[in-house]
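Below: one structure, written as structure tokens.
Please treat every number below as a calculation from the coordinates, not as lab data. Because the structure is a prediction, the values reported are computed rather than measured. Cβ sites come from the backbone with ideal geometry, for glycine too, and all protein chains shown count toward neighbours.
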Amino acid sequence: MHPPLLVPSILAGDHAHLAASAAVVGRVGLPWIHLDIMDGHFVPNLTFGPGTVAALRKTSKLFFDVHLMLDEPQRYIEPFATAGASLISIHIEPAYDHAGTLVRIRQLGCQNGIVLNPGTPAEAIEPWLGRVDLVLVMTVQPGFGGQSFRRDMLPKIAQIADWRRARGLDFRLEVDGGIDLATAAECRAAGADTFVAGTSFFGTKTPARFAAAFAKI
Ligand code: DX5
Ligand code: ZN
């Protein structure tokens, strides 16, 4: 299992100064940042697109973990890869060519990830486990930061971690939504290794201390 990795979500950062929010992440020594892309259809909210990601890329060397919450993610893989995404994750729920899109992400030089909403059973992504770099289990219904952690997702995390162990795979197992030190520890015990944190990271006045505490969960 990978050591615990805290991945701040810029959704909770300062959207008038996104580069400054990304810089805080680098300053406390964290290698990854999570970028939430919403289309107003798959989720009832909008964020930003590849132009913003490309502008951020000019100011940051961080690993860009790009979470696409889109009805038609296959249309936007190339623009986000060109913009400087390091990893692109796509949801299993909409109907499109999942297999082809996961392959395309890697062909464009990015890592790939598959994401499940709280209402989607682990079995839905089981066939893809050998073909992804990351599985993201949503621990809230996606669309907004600041929601409460869904403890009922813990068995799903444990199930996916079991499959990973049984098959000798090493994809990252990421959780996203309502993550703080306490809920991350619960997810860690269930087998997660990669922890997206928006409100809890950008809400603290002492991000370096928060990151240090996270490394020990
Ligand atoms: C929710 C997004 C999350 C969000 C998490 O739709 O996918 O990445 O930033 O925010 P918190 O950590 O505040 O729950
Ligand atoms: Zn996200």
Could we say that PRO50 is without any contact (Cβ under 8 Å) to a residue 60 or more places away in the chain, within 15 Å of ligand 2 (Cβ to nearest atom) and farther than 17 Å from GLY177 by Cα here? no
Could you grab me the full set of residues in the range 166-199 that are more than 15 Å from the chain's Cα centre (by Cα) and part of a helix (DSSP H, G or I)? ALA166, ARG167, LEU181, ALA182, THR183, ALA185, GLU186, ARG188, ALA189, ALA190
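The rows are residues; the columns are (1) more than 9 Å from ligand 1 (Cβ to nearest atom); (2) in contact with an Asp or Glu (Cβ under 6 Å, 6 or more places away or on another chain); (3) not basic (Lys, Arg).
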| residue | (1), (2), (3) |
| --- | --- |
| GLN147 | no, no, yes |
| PRO155 | yes, no, yes |
| ASP162 | yes, no, yes |
| ARG167 | yes, no, no |
| ALA190 | yes, no, yes |
Residue among GLY168, GLY146 that alone is more than 18 Å from TRP32 (Cβ to Cβ), among the small types (Gly, Ala, Ser), surrounded by fewer than 22 Cβ atoms within 10 Å (Cβ to Cβ) and more than 16 Å from ligand 2 (Cβ to nearest atom): GLY168
Report every pair of residues separated by at least 6 positions or lying on different chains whose Cβ atoms are under 7 Å apart, first residue within the range 81-106 and over 24 Å from GLN141 (Cβ atoms), second basic (Lys, Arg). ALA83/ARG57; GLY84/ARG57
Within the range 53-76, the residues that are closer than 15 Å to HIS91 by Cβ and either in contact (Cβ under 8 Å) with a residue 40 or more places away in the chain or hydrophobic (A, V, I, L, M, F, W, C) (or both) are ASP65, VAL66, HIS67, LEU68, MET69, LEU70
Return only the number of the condition from (1) crowded, with 16+ Cβ neighbours inside 10 Å; (2) within 20 Å of LEU35 (Cβ to Cβ) that ILE125 does not satisfy. (2)
